[in-house]
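A short worksheet on the structure shown next.
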Amino acid sequence: MGSATTLFGRRRRLTNTLMTSLTAICAIFATAILLLIVSYIAVRGISSLSFEFLVGTPKPVGEGGGIGNAIAGSAMMTLLAAVIGLPVGIAAGIYLAEYGRNWFGNTVRFIADTLIGIPSIIIGIFVYTLVVLPMGRQSGLAGGLALAIIMLPIVARTTEEMIRLVPNSMREGALALGAPQWRVSLNIVLPAAASGIATGAMLAIARVTGETAPLLFTALNSRFYNLYYDQPMSSLTVQIFNYATGPFEVEHAMAWAATLILVGLILLINILVRFVTRKRF
Amino acid sequence: MQTKISISNLDFFYGKVQALHGISLEIPEREVVAFIGPSGCGKSTFIRTLNRMNDTIPGARVEGEVIIDGENIYAAGTDVVALRRKVGMVFQKSNPFPKSIFDNVAYGIKINGIHSNKTDLKDRVENALRNAALWEEVKDRLNMSAFGLSGGQQQRLCIARALAVEPEVVLMDEPASALDPIATQKIEELVVELKRNYTIVIVTHNMQQAARVSDRTAFFMLGKLIEFNRTDKVFQNPDEKLTEDYITGRFG
């Protein structure tokens with residue numbers, strides 16, 4: 001009996017070591033890809049980086065030029081998308097989690113999930129018909145709206161998930177004190193889920209910052225600094241697309257540098273939100 | 001004795017499943033009434049009908065009457081928010097809010113607009129914490145997270161939070177079941193102390209606890225009220241054979 005137990009135990013330990021190593025290898029693999037991408041972009045892009053590149057506007061090939069207007073345009077359109085998408089998405093998420101246990105909630109949930117799955121270029125075409133055609137031109141407004149539409153269902157669903165994670169006992173505790181339902185949602189449940197919701201919002205922002213397709217039809221591009229939402233607007237992603245598809249090596253180098261800036265910005269958003277929403281209680 | 005809560009012919013359903021069958025009983029003012037019985041006997045369901053906490057459960061349905069101070073709380077048009085302010089509740093698992101110790105106690109006061117100014121709010125929070133025998137332990141760290149407290153302290157914080165809105169009845173659903181003996185003893189002493197000003201209903205799995213703290217004991221089984229008598233009678237000379245079997249440990 002003794003030897004059988006030992007043998008069995010050895011086999012169990014062996015399996016355990018094997019499986020743990022396997023999962024560790026997979027974890028390393030998953031992170032290594034990100035590190036590879038980031039370092040590759042850094043190596044290719046860093047040589048073209050300069051102050052002039054960061055603040056300048058595109059110029060004819062050979063005369064240098066920069067992506068300052070693209071950074072500004074991306075920031076403005078992402079801001080517009082966040083201003084529309086975050087409040088509406090978060091409110092919709094609260095509704096779905098706290099009051100949406102009915103046919104209406106189920107319908108909204110189904111539509112949101114479908115919307116998440118729709119390719120972003122179709123959102124671009126939709127906004128093109130809805131905003132660009134009536135306005136008669138592409139604009140930052142149309143681009144921001146397209147990004148907001150992409151953000152909305154993501155924010156709504158992650159908010160809902162996060163709010164569902166708040167233990168019911170907390171709601172009951174507040175209800176038992178004589179708090180009306182809306183106050184429970186607003187001052188107990190929402191703060192308890194805040195860091196999760198912020199993470200979801202950040203991911204949604206990062207996602208739309210990296211979108212190219214919906215901006216092609218809506219914001220188009222611009223070679224100039226443009227601070228007006230009713231005019232065509234440049235964006236990092238579309239600028240990268242233009243540089244990368246250009247025929248000249250200089251343009252490709254600038255595409256790499258712009259990519260580096262884009263990835264850096266998204267990383268910055270991540271770190272910033274993590275810092276702001278770190279657990280205080 | 002003055003009756004505070006009078007329950008008559010109360011049935012409760014979770015969807016199609018009937019969880020309570022024709023419960024009738026009278027809870028006197030400023031006494032401690034304990035509900036005992038095996039798991040799933042309906043005592044928690046029953047205590048939650050007294051402040052309409054079951055309203056939040058989909059498919060829940062109540063028939064019968066619960067009359068508090070002459071008003072049927074299940075009558076149409078009852079202000080559930082006002083009811084819950086009058087009938088406070090402490091839960092089995094302590095459930096502090098993700099806020100500071102001070103804000104946990106202040107929350108109920110603020111939303112009900114009980115305080116007149118900031119000083120008054122502070123006084124009320126201190127009072128509630130003193131009544132819950134927690135003040136001395138937390139007075140120097142009121143602004144720290146409630147999650148930093150021990151389990152027993154968290155539960156007393158929840159009691160303080162419930163007391164801060166000046167209820168008349170305090171419902172306690174197994175308030176000490178997750179606590180160690182010393183923390184349990186503190187809660188029990190507190191219950192006896194609170195009896196002077198509040199009507200207290202306490203659900204407990206622990207029969208010794210019921211015997212120690214309560215004036216009257218109700219024994220439930222399978223959704224029915226088997227016996228309701230003075231606590232000493234229930235534990236020394238119960239009317240019902242089932243009660244005797246349960247308290248002597250023949251089953252349960």
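The values are calculated or read from the model by the stated rules, or taken from the named source; none is laboratory data. Note that this is a predicted model, so its numbers are computed, not measured. Here the Cβ is made from the backbone with ideal geometry for all residues, glycine too, and neighbour counts use every protein chain on show. The protein model used for the area step is the full one, side chains on, heavy atoms only, and it has no ligands, DNA or RNA in it. Shrake-Rupley method; radii C 1.70, N 1.55, O 1.52, S 1.80 Å.
What the table below lists for this structure:
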item: Pair list, Cβ under 9 Å, 6 or more apart: segment B:112-129 residue farther than 19 Å from B:Val87 by Cα, other residue assigned to a loop (DSSP other than H, G, I, E, B) and of a type in the set (D, E, K, R); result: B:Glu126/B:Lys139
item: Matching residues in segment B:70-95 - criterion: being in a helix (DSSP H, G or I) and touching a Pro at 6+ places or on another chain (Cβ under 7 Å); result: B:Val81, B:Arg85, B:Lys86
item: Residue match in segment B:76-97 (condition: more than 18 Å from the chain's Cα centre (by Cα), within 14 Å of another protein chain (Cβ to nearest Cβ) and either open to solvent by 60 Å² or more (accessible area, probe 1.4 Å) or not hydrophobic (A, V, I, L, M, F, W, C) (or both)); result: yes
item: Residue that is modelled with the lowest pLDDT [pool: residues in segment A:4-35 that are among the hydrophobic types (A, V, I, L, M, F, W, C) and over 27 Å from A:Ile266 (Cα atoms)]; result: A:Ala4
item: Where a residue in segment A:76-89 is more than 17 Å from A:Leu215 (Cα to Cα) and its partner, wherever it lies, is part of a helix (DSSP H, G or I) and open to solvent by 40 Å² or more (accessible area, probe 1.4 Å), with Cβ under 7 Å and at least six apart; result: A:Val88/A:Leu152; A:Gly89/A:Leu152
item: Residue satisfying condition, being crowded, with 17+ Cβ neighbours inside 10 Å and away from chain A (no Cβ under 11 Å), within set B:Val192, B:Val165, B:Val125; result: B:Val125
item: Within segment B:144-160, considering residues that are open to solvent by less than 10 Å² (accessible area, probe 1.4 Å) and in contact (Cβ under 8 Å) with a residue 60 or more places away in the chain, the one nearest to the chain's Cα centre (by Cα); result: B:Ile159
item: Selected residue (criterion: least open to solvent (accessible area, probe 1.4 Å)) from residues of segment A:101-127 that are part of a helix (DSSP H, G or I) and within 14 Å of chain B (Cβ to nearest Cβ); result: A:Gly105
item: Yes/no for B:Gly22 being within 25 Å of A:Asn168 (Cα to Cα) and more than 14 Å from chain A (Cβ to nearest Cβ); result: no
item: Residue among A:Gly200, A:Gly173 that alone is crowded, with 22+ Cβ neighbours inside 10 Å, of a type outside the set (A, V, I, L, M, F, W, C), within 14 Å of chain B (Cβ to nearest Cβ) and part of a helix (DSSP H, G or I); result: A:Gly173
item: Qualifying position, being within 14 Å of chain B (Cβ to nearest Cβ), farther than 26 Å from A:Glu211 by Cβ and open to solvent by less than 40 Å² (accessible area, probe 1.4 Å), among A:Ser185, A:Ser195; result: A:Ser185
item: Residue that is on the phi > 0 side of the Ramachandran plot, open to solvent by 20 Å² or more (accessible area, probe 1.4 Å) and not basic (Lys, Arg), where the choices are A:Leu268, A:Leu260, A:Leu216, A:Leu220; result: A:Leu220
item: Subset of segment B:196-252 that is surrounded by 14 or more Cβ atoms within 10 Å (Cβ to Cβ) and of a type in the set (Gly, Ala, Ser) - its residue that is nearest to B:Thr45 (Cα to Cα); result: B:Gly223
item: Matching option when the condition is open to solvent by 70 Å² or more (accessible area, probe 1.4 Å) and assigned to a helix (DSSP H, G or I), among A:Ile37, A:Ile41, A:Ile71, A:Ile84; result: A:Ile37
item: Among the residues listed as B:Ile109, B:Ile114, B:Ile67, the single one being more than 7 Å from every other protein chain (Cβ to nearest Cβ) and part of a strand (DSSP E or B); result: B:Ile67
item: Among the residues listed as B:Ile109, B:Ile27, the single one being open to solvent by less than 40 Å² (accessible area, probe 1.4 Å), at negative phi and touching a helix residue (DSSP H, G or I) at 6+ places or on another chain (Cβ under 8 Å); result: B:Ile109
item: Candidate set from segment A:144-170 (those that are out of contact with any Lys or Arg (no Cβ under 8 Å at 6 or more places or on another chain) and within 24 Å of B:Leu50 (Cβ to Cβ)); member that is nearest to the other protein chains (Cβ to nearest Cβ); result: A:Met170
item: Some residue of segment A:216-233 being away from chain B (no Cβ under 13 Å), under 16 Å from the mean Cα position of the chain (by Cα) and not in a loop (DSSP other than H, G, I, E, B); result: no
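Residue-by-condition table, conditions (1) of a type in the set (S, T, N, Q); (2) at pLDDT 90 or above; (3) not in a helix (DSSP H, G or I):
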position: A:Gly143; (1), (2), (3): no, yes, no
position: A:Met151; (1), (2), (3): no, yes, no
position: A:Thr159; (1), (2), (3): yes, yes, no
position: A:Ile163; (1), (2), (3): no, yes, no
position: A:Trp182; (1), (2), (3): no, yes, no
position: A:Ser185; (1), (2), (3): yes, yes, no
position: A:Val189; (1), (2), (3): no, yes, no
position: A:Gly196; (1), (2), (3): no, no, no
position: A:Val208; (1), (2), (3): no, yes, no
